[in-house]
Structures are given as structure tokens and as C-alpha cells.
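Reviewing the structure listed below.
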Amino acid sequence: MDKLANPLQYPLAVLLGGIVLVAGARLARLPVPVIVPVAAIVSTAVAIAIETRQPPEVDLENPELVRQVRAARLQAERLVRQAEDLREEAARLLTGGEQLELLSVVQYACDRASELPERVDAFTRRLHGSDSLLSIRDLEAQLQAVWSQQPPGSDAALTQRDRLIASLERNLALAREGQDARQAQVIALSTAIADAVGTMQELQNQLRVADLTDADRIRALRSLGDDLQGLEANLGVLVAR
């Protein structure tokens, strides 16, 4: 952040600073020259905390690209909410035996999902300017990272990986032709997030109806959890620096 956040832009920061000012002056009876700077520091700290949690302003000189970036951010937030629900449900249903290994897989996937909005924000910031992240070298590295991952465990996961590889190869071709591949990259990101959302929803649906005392059903759920982790690894490739 290049400069301090302005507390006046955030009502909550102003409110908390005012509470500190009133409490310090009236209840603690601190001198005004002491409590005023303290209140100002509190307001500024709260404003900074709020500002750092907000998505970055999107100004990419391309309205369609801006729309797609914002849509990807909303998808990431949806994935986080879904992960929170899944985490609570899994903790309630998976309580012993072979179920604990599945619980660990689910919790790890939910942890990874919670990181996504912040990483999408960082990805968005790197889209600014002609020297954005979509250099040929970066795209080649992304493609190599996907190819080097462990092969997916299911046909659905393999199809999703192949679709991502095809997207990255198209983006690389655009970059080699000197064209702006940012929009294609954002579409690839949105598609990958949508795949993760769908797989997480399927895992949650199966978890609700499966006989969790059946070892075969636990293994099937574990396979689905592994697929979700693979999708999240693909997302990590797309939003990595």
C-alpha cells in the first residue's frame, strides 16, 4: 500500500475512533492531547485493515475483462462459503475410524479454498499494464506445472485437467502471436473455479447421503476429495506469480 488509508472513507473506522475518543476522555479521563492521537491511530489502523481486505479496484481499460475479473472474484467468494459449510458438515459427520482420513482430505481442500479470493486479488493486480503476468515464459511455466502434476484419479478430473491444458496452450499461442491473452486467462481461471465449485458441491451431496460405515463409500468419497485437491492445485497454477 503506497499511502495510509483514509479513515473518513470507512464509517466503521470513524465510529471506532470516536468510541475510543469518548471512552478515553470521559471514562478514563485522559488528557485531550493524549487521547486524540490514540483515537486517530485506532481509526487509521481499522481503515487499513478494511482496505487490505477489499478487492482491488479493477481498471484494465477493457470493460469485458473487468466484468470477467469481477465475476471470477465472486466465484471465489462462493467457493469459500461452500468450503465453510462443507468443513462444518464434515466435522459433524466424520468422527472416527477410516472417516478421519477423509476428514483430513476435506479440511485441507477447505483450507486451500479459503485462500482463493486473496490470490485472485493478487492475480488481478498483475493484469494491469502491457507487461502483465502473461509473458510467454510465465505461460510456459504454467503449462509445465499442470503437466508435471500427478495424474488425476478419475475420468472427470482428467477431463478437467485436459481442458485446462488446452486453455493454457491457446493462451500461449496468443502470447506468441503478440496478442493480449489476459481475457483468455481470466476465462480459464473462471472455468477452473467453476469446476472446483461443482466438485465441492458433489462431495458435499455425496457426504450427506453416503453410508459412512461402508469402507467402499469412504474410498469413493476420498477419491472425490482427491479430485477436488487436484482442481485446487490447477487453480494455484493459474494464480501463481
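Some observations on this one:
- Residue check for LEU212: open to solvent by less than 50 Å² (accessible area, probe 1.4 Å) and in a helix (DSSP H, G or I): no
- Test: residue in region 126-136 that is hydrophobic (A, V, I, L, M, F, W, C) and modelled with pLDDT of 80 or more: no
- Odd one out for ILE187 among (1) modelled with pLDDT under 90; (2) buried (at least 18 other Cβ atoms within 10 Å of the Cβ): (2)
- Within region 91-120, the set of residues being open to solvent by less than 10 Å² (accessible area, probe 1.4 Å) and farther than 14 Å from GLN229 by Cβ comprises LEU94, VAL120.
- Failed item in (1) free of Cβ contacts under 8 Å to residues at least 60 places away in the same chain; (2) within 30 Å of GLU88 (Cα to Cα); (3) over 23 Å from the mean Cα position of the chain (by Cα), with ALA173 passing the rest: (2)
- Residues located in region 38-52, provided they are modelled with pLDDT under 70 and β-branched (Val, Ile, Thr): ILE48, ILE50, THR52
The values are calculated or read from the model by the stated rules, or taken from the named source; none is laboratory data. Note that this is a predicted model, so its numbers are computed, not measured. Cβ sites come from the backbone with ideal geometry, for glycine too, and all protein chains shown count toward neighbours. Areas reflect the complete protein model, heavy atoms only, side chains present, ligands, DNA and RNA absent. Shrake-Rupley method; radii C 1.70, N 1.55, O 1.52, S 1.80 Å.
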